[in-house]
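Have a look at the structure below before the remarks.
The values are calculated or read from the model by the stated rules, or taken from the named source; none is laboratory data. Computed from a predicted model, the values in this text were never measured in an experiment. Methodologically, a virtual Cβ is constructed for each residue, glycine included, from the backbone with ideal geometry; neighbour enumeration extends over all protein chains shown.
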Amino acid sequence: MSRPTFWLRCEKKEFEKRAALTPTTAKKLNDSGFDIIVERDEQRIFNDSEYEAVGCKLVENNSWPSAPKEIPIIGLKELPVSTEPLPHTHIQFAHCYKNQAGWIDVLSRFGRGNGTLYDLEFLEDDNGRRVAAFGFHAGFAGAAAGALAVAAQRRGEQLAQLNPYANETAMIDSVKTALGGSGKGVKALVIGALGRCGRGAVDLFRKIGLEEDDILKWDLEETAKGGPFEEILDVDIFINCIYLNSKIPSFITRDTIVAAGKKRRLSVVVDVSCDTTNPFNPIPIYSINTTFSKPTVGVDLPSELLPLSVISIDHLPTLLPRESSEQFSSDLLPSLLEFPKRDSARVWTDAHKLFQKKLGEARTAI
Ligand SMILES: NC(=O)c1ccc[n+]([C@@H]2O[C@H](COP(=O)([O-])OP(=O)(O)OC[C@H]3O[C@@H](n4cnc5c(N)ncnc54)[C@H](O)[C@@H]3O)[C@@H](O)[C@H]2O)c1
């Protein structure tokens with residue numbers, strides 16, 4: 001009998017250096033009886049040779065359309081827009097289950113090709129928690145960007161373009177250097193501190209040298225009294241990491257910022273949650289998502305007040321492609337090991353049912 005196989009495709013999304021399968025995970029799969037085929041990819045943070053060294057078979061970049069139909073294709077982000085039917089089984093983030101722009105076109109490609117989509121965002125454990133997510137490194141990178149923005153403001157500058165870091169140590173060293181050797185003395189408030197993103201933000205602050213008492217960690221209990229919260233104005237960096245699922249009072253408003261006048265300490269807000277266009281966004285002081293090339297947007301305030309910058313980048317883990325891929329891929333591994341039993345393994349049967357439901361909705365909507 002042939003060995004179960006995954007085909008790791010290249011990523012075509014700009015700036016995307018992350019991988020759904022890392023050499024570490026590929027080796028573990030290999031040791032467990034899988035064959036791993038890997039498309040060569042210059043864009044990926046992992047060198048082709050790292051996969052070759054752990055026994056993967058290397059194939060040409062973007063050659064998955066001609067892969068045997070029975071081999072599942074694994075990738076991370078959306079495929080480039082096209083109308084080509086998709087006959088394979090794809091495991092990836094497709095961003096088409098919440099009626100996002102183009103969702104019908106994406107699902108229709110699977111319908112016409114008789115292919116299957118297992119969307120990584122909807123692989124859930126028995127408690128309904130995602131089996132793998134990038135949250136921790138989103139918070140970690142968001143906190144780093146926030147600290148860099150504080151350092152830039154201290155120099156009277158705006159934070160310049162952010163580029164992915166080779167690894168976590170390089171990111172930490174760069175932030176510490178920007179802050180004059182250590183983050184000691186910087187004060188931060190993290191809301192959603194018990195979640196994945198929140199824990200990542202707290203970890204970064206510890207690693208760049210903030211005192212433990214200067215990292216305020218809030219979650220549901222602390223915000224139960226209802227905002228806006230004066231405490232946010234008394235720290236240097238406020239990081240929002242909540243999972244928003246209902247209408248809640250704002251955490252901070254332009255009025256509270258203006259009312260604080262020159263007493264305000266707050267200079268940077270990082271909205272990791274990025275509910276930018278959500279009508280319930282608890283940080284209604286900005287209205288755009290910022291980017292790696294222009295990471296901050298200023299809050300519109302009277303000129304005599306200290307500037308206040310917001311960072312609202314919605315793909316922060318890309319700043320740490322190696323570590324975020326390693327964590328994601330290792331969390332995904334137990335489910336991947338069950339993939340050969342996908343017709344009975346709950347994580348996969350649930351994801352398949354959801355795909356069929358969404359495909360039906362797309363067909364009805366045409
Ligand atoms: N910007 C990015 O690049 C990026 C990347 C990954 C995730 N995210 C987003 O970050 C958000 C958080 O993701 P996560 O994986 O950390 O979620 P999570 O469920 O692990 O954690 C969310 C935390 O927020 C807390 N929370 C919820 N409502 C709150 C409230 N009103 N007050 C205080 N705490 C509250 C929860 O108790 C929980 O501890 C999501 O919206 C996710 O889409 C953004």
(message) I'd like the full set of residues that are within 16 Å of the ligand (Cβ to nearest atom) and either at pLDDT below 95 or not in a strand (DSSP E or B) (or both), limited to segment 200-217.
(response) 200, 201, 202, 203, 204, 205
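Here's a check for you: in segment 1-27, which residue that is β-branched (Val, Ile, Thr) and not in a helix (DSSP H, G or I) is farthest from residue 78 (Cα to Cα)? I'd like the intermediate steps shown before the answer.
Taking segment 1-27 first, the residues β-branched (Val, Ile, Thr) are 5, 22, 24-25.
Then keep just the ones that are not in a helix (DSSP H, G or I); that gives 5, 22.
Details: 5: 21, 22: 18 Å.
Here the residue is 5.
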(message) Checking the condition among the hydrophobic types (A, V, I, L, M, F, W, C), farther than 28 Å from residue 300 by Cα, within 13 Å of the ligand (Cβ to nearest atom) and in contact with an Asp or Glu (Cβ under 7 Å, 6 or more places away or on another chain), which residue from 194, 220 passes?
(response) 194
(request) Go through (1) outside any loop (DSSP other than H, G, I, E, B); (2) in contact (Cβ under 8 Å) with a residue 40 or more places away in the chain; (3) surrounded by fewer than 18 Cβ atoms within 10 Å (Cβ to Cβ) one by one and return the number of the condition residue 30 breaks. (result) (2)
(request) Output the residues belonging to segment 174-227 that are buried (at least 19 other Cβ atoms within 10 Å of the Cβ) and among the small types (Gly, Ala, Ser). (result) 178, 183, 188, 192, 193, 195, 198, 200, 201
(request) Please indicate, with yes or no, whether at least one residue in segment 178-186 is among the polar types (S, T, N, Q) and touching a residue at least 40 places away in the same chain (Cβ under 8 Å). (result) no
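Pick from 117, 162, 189: which is over 16 Å from residue 308 (Cα atoms), assigned to a strand (DSSP E or B) and either aliphatic (A, V, I, L, M) or modelled with pLDDT of 95 or more (or both)?
Values: 162 fails: assigned to a strand (DSSP E or B); 189 fails: over 16 Å from residue 308 (Cα atoms).
Going through 117, 162, 189 in turn, just one is over 16 Å from residue 308 (Cα atoms), assigned to a strand (DSSP E or B) and either aliphatic (A, V, I, L, M) or modelled with pLDDT of 95 or more (or both): 117.
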(request) With the condition kept exactly as written, say whether any residue in segment 141-154 is in a loop (DSSP other than H, G, I, E, B), of a type outside the set (Phe, Trp, Tyr), within 16 Å of the ligand (Cβ to nearest atom) and surrounded by 19 or more Cβ atoms within 10 Å (Cβ to Cβ). (result) no
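In this structure, does residue 224 turn out to be farther than 22 Å from residue 132 by Cβ and within 21 Å of the chain's Cα centre (by Cα)? Talk me through it step by step, then tell me what you get.
On the way: farther than 22 Å from residue 132 by Cβ: yes; within 21 Å of the chain's Cα centre (by Cα): no.
Answer is no for this residue.
Okay, residues lined up against (1) modelled with pLDDT of 95 or more; (2) outside the structural domain of residue 184 (by TED's automatic domain parsing); (3) within 16 Å of the ligand (Cβ to nearest atom); (4) acidic (Asp, Glu):
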{"residue": "49", "(1), (2), (3), (4)": "yes, yes, no, no"}
{"residue": "54", "(1), (2), (3), (4)": "yes, yes, no, no"}
{"residue": "64", "(1), (2), (3), (4)": "yes, yes, no, no"}
{"residue": "74", "(1), (2), (3), (4)": "yes, yes, no, no"}
{"residue": "89", "(1), (2), (3), (4)": "yes, yes, no, no"}
{"residue": "97", "(1), (2), (3), (4)": "no, yes, yes, no"}
{"residue": "101", "(1), (2), (3), (4)": "no, yes, no, no"}
{"residue": "106", "(1), (2), (3), (4)": "yes, yes, no, no"}
(request) Would you mention how many residues in segment 43-69 are touching a strand residue (DSSP E or B) at 6+ places or on another chain (Cβ under 8 Å), farther than 18 Å from residue 325 by Cα and assigned to a loop (DSSP other than H, G, I, E, B)? (result) 6
(request) Collect the residues in segment 228-279 that are hydroxyl-bearing (Ser, Thr, Tyr), under 27 Å from the mean Cα position of the chain (by Cα) and crowded, with 18+ Cβ neighbours inside 10 Å, keeping them in residue-number order. (result) 250, 267, 273
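Out of everything in segment 127-140 that is within 10 Å of the ligand (Cβ to nearest atom) and closer than 14 Å to residue 190 by Cβ, what residue ends up being surrounded by the most Cβ atoms within 10 Å (Cβ to Cβ)?
Checking each candidate, the answer is 139.
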(request) Filter segment 280-336 down to the residues that are more than 15 Å from the ligand (Cβ to nearest atom) and assigned to a strand (DSSP E or B), then identify the one that is surrounded by the fewest Cβ atoms within 10 Å (Cβ to Cβ). (result) 298
(request) State whether one or more residues within segment 57-73 are aromatic (Phe, Trp, Tyr) and crowded, with 18+ Cβ neighbours inside 10 Å. (result) yes
(request) Please work out which residue is modelled with the lowest pLDDT, limiting yourself to segment 229-246 and to residues that are within 13 Å of the ligand (Cβ to nearest atom) and in a loop (DSSP other than H, G, I, E, B). (result) 245
(message) Just to be sure I understand the filter: pairs with C-beta atoms under 6 Å, separated by 6 or more residues or on different chains, first member in segment 217-233 and more than 12 Å from residue 189 (Cα to Cα), second member more than 12 Å from the ligand (Cβ to nearest atom). Which pairs pass?
(response) 228/252; 228/253; 228/256
